[in-house]
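The values are calculated or read from the model by the stated rules, or taken from the named source; none is laboratory data. Treat the numbers as computed from the prediction; the structure is a model and nothing was measured. Virtual Cβ from ideal backbone geometry, glycine too; neighbours counted across all protein chains shown. Note: areas computed on protein heavy atoms with side chains; ligands, DNA, RNA excluded. Shrake-Rupley method; radii C 1.70, N 1.55, O 1.52, S 1.80 Å.
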Amino acid sequence: MFSHLCEIENTYSELGTCVTQLTQPRQAVDLFSANTQNGKKSANLRYKASRNSQTQAIHPDVKNEMLEQLLEQSQHALVVVNGDRHIIQINRAFEQITGYQEDDVIGVNASFLCSNAHDKGFYTQIWNELLHFGFWEGEINSTRKNGEIYSQAMSIKAYPREATEPEYFIAMFKDVSKQIAQTTKLSNLAFFDQLTGCGNRALYMASVTSLIDAQPTSPFTVFLLNIDFFKLVNNSHGHEIGNALLKAIVVRLSNVLGEQNTIFRLSSDEFLILLPDESDESAQSIAAEVIDALQIPFDIQGSQIDISTSMGVARYPQHANSAVNLLNRSNIALKNAKQYARGTFLVFAKSMLETSNRSALIERHLNQAISRNELWLAFMPQINCSTEECNRAEVLLRWDCKALGEVMPNEFIPIAEKSGLINTITAFVLQETLAHIRKLNAISSKRFILSFNATIHDLRKPLFFDKLIHILCENKDICHQLVCELTESTFAEDIDVVRANLGRLKALGVSISIDDFGTCYSSLSYLKDLPVDEVKIDQTFTRNLLIDSKQEKIYAAICQLSQSLNLSCVAEGVESRAQLNWLVDAGCDYSQGYLHCAPKMFSSFVSLYA
């Protein structure tokens, strides 16, 4: 708008010498009667006789030719109002912009152009400034003849400036509706999520910063909410359904939260909720309502979709005093919620920050773990359920850190995945596993099959996966003794890439196993679409055998399905003889758990089973 006002101001400077000659003649005259082109009067600026006694005229000695030329070239609308606020003159740009002709407006009070977009106080302030300072400029909404409200960049000056009661007010304006619409569109792109209409990360930062600046002592709460396994929905139902689900989630959140609270979408499956006026206790109550509301199944284009959500909660100023740190604290709480109990919320605690700092420490030492020979493999035997013999094992990575002591895999593996160190670790595990197969072949007549774990991070990086294939090609003669275990969540991303790379592994003789089977979404589609050889039933199912009849039926169905598809079936977490007997009756192939043996170092494993 500033540039438009500058244009108007430049026009005013040219008009200035003309308006100083305004007077009040008693008779109506045509402003341009003296100087016309080709003997014809100009139609750009017209003046008509008074419609009532309040209408005043302009002195005929005004420099008509100069003023006519100026107004012909101007794209700005001009309207002259007398001291009683009645319109006495307009130009053609006024007619084009407003739709009003001179017959519609001359002698009419200028207030009829006002719109309902501004209250009475707004217009009163404008007139007060004109009377006090002699000018006003800014953006104003007005009404066209067809009723449309539009935006003007307007400048008004009083003449004469020094007068206590000015005789005339000259307003010049330009229609800036299109420019404002474009600016609004750009603002929406910069600050709003185009799919859901929620504010984005940039708007969150600006909103919270403004809130803190305006009310530095007023507490408020932020929720950072993540849709658990949302990528599985996209892969199973398609992105159109996934997008519709996100919109439905926002609608449901809005119904729970009300208009006073703001929803932001920070990433594909992550939302942030700002609660400015809630107590700590009230905020936690609302957090529970949000979790419960999103557990109700969604009906999306005829498909019923069940989701769960995890959420981290942080308070200002209790947990952080800036937008950035609040986001950081709520993210730490969210990570803890996802790690320990998905489908719930956790409020940030200082102990979580200590855990976060430990994560940074683990990452730093993990960088040097291989070079320091701190990583080693333990062997978890897999027992044939029928014969109770062992010719299989899963290799489990262990880390004895010289600085930190023993660090468990469930602590350092997620850190390795996020930091990118997982690829180096997977390559190490694969090489060590192949080396141990050769050692077992050299000392035993059995041909042991060893399983190792890989992740989506290993499969979707072309250069790294090529490195794994190169390692396998160098050991092609023993690849048939190798099983690659992948969790179901691996198949949630880049399914086409995963399928192609699993095919490359199979071509070399490597078997494929789905680990933690039954814990994620749409497991059966993986058995149908992917080159799978084995399923490992998650230990949470095994734990409830002989306790939960429904779990038993699910377990039995998985075993029967595996048999019908010619897949091996491995039970994890077997801890009792009664569980093993049940597995035998169900037709499960292999048993793995502490009933048989805890993970062993290689030498102990050889002594027991080789």
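For this structure, a couple of remarks:
- Residues in the stretch 226-273 that are part of a strand (DSSP E or B) and either out of contact with any helix residue (DSSP H, G or I) (no Cβ under 8 Å at 6 or more places or on another chain) or open to solvent by 10 Å² or more (accessible area, probe 1.4 Å) (or both): 7 in all.
- Matching entry among Phe173, Phe223 (being within 26 Å of Ser308 (Cβ to Cβ), surrounded by 19 or more Cβ atoms within 10 Å (Cβ to Cβ), of a type outside the set (Val, Ile, Thr) and in contact (Cβ under 8 Å) with a residue 40 or more places away in the chain): Phe223
- From the list Tyr521, Tyr526, the one residue that fits, being under 22 Å from Asn235 (Cα atoms), open to solvent by less than 20 Å² (accessible area, probe 1.4 Å) and either modelled with pLDDT under 90 or charged (D, E, K, R) (or both), is Tyr526.
- For the condition buried (at least 20 other Cβ atoms within 10 Å of the Cβ) and within 22 Å of Asn384 (Cβ to Cβ), Phe541 qualifies.
- Residue-level check: of (1) surrounded by fewer than 16 Cβ atoms within 10 Å (Cβ to Cβ); (2) in contact (Cβ under 8 Å) with a residue 24 or more places away in the chain; (3) among the hydrophobic types (A, V, I, L, M, F, W, C), Ile425 misses just (1).
- Those residues of the stretch 296-311 which are within 20 Å of the chain's Cα centre (by Cα) and not hydrophobic (A, V, I, L, M, F, W, C), in sequence order: Ser308, Thr309, Ser310
- If you go through the stretch 339-374 and keep only what is closer than 21 Å to Ile422 by Cβ, of a type outside the set (Ser, Thr, Tyr) and open to solvent by less than 50 Å² (accessible area, probe 1.4 Å), you end up with Ile362, His365, Leu366, Ala369, Glu374.
- The lone exception for Ser489 - which of (1) under 30 Å from the mean Cα position of the chain (by Cα); (2) more than 30 Å from Asn336 (Cα to Cα); (3) not β-branched (Val, Ile, Thr) it fails: (2)
- Residue list for the stretch 436-481, filter: under 17 Å from Met380 (Cα atoms), of a type in the set (Gly, Ala, Ser) and not in a loop (DSSP other than H, G, I, E, B): Ser451
- In the stretch 118-133, the count of residues that are open to solvent by less than 50 Å² (accessible area, probe 1.4 Å) and closer than 30 Å to Gln284 by Cα is zero.
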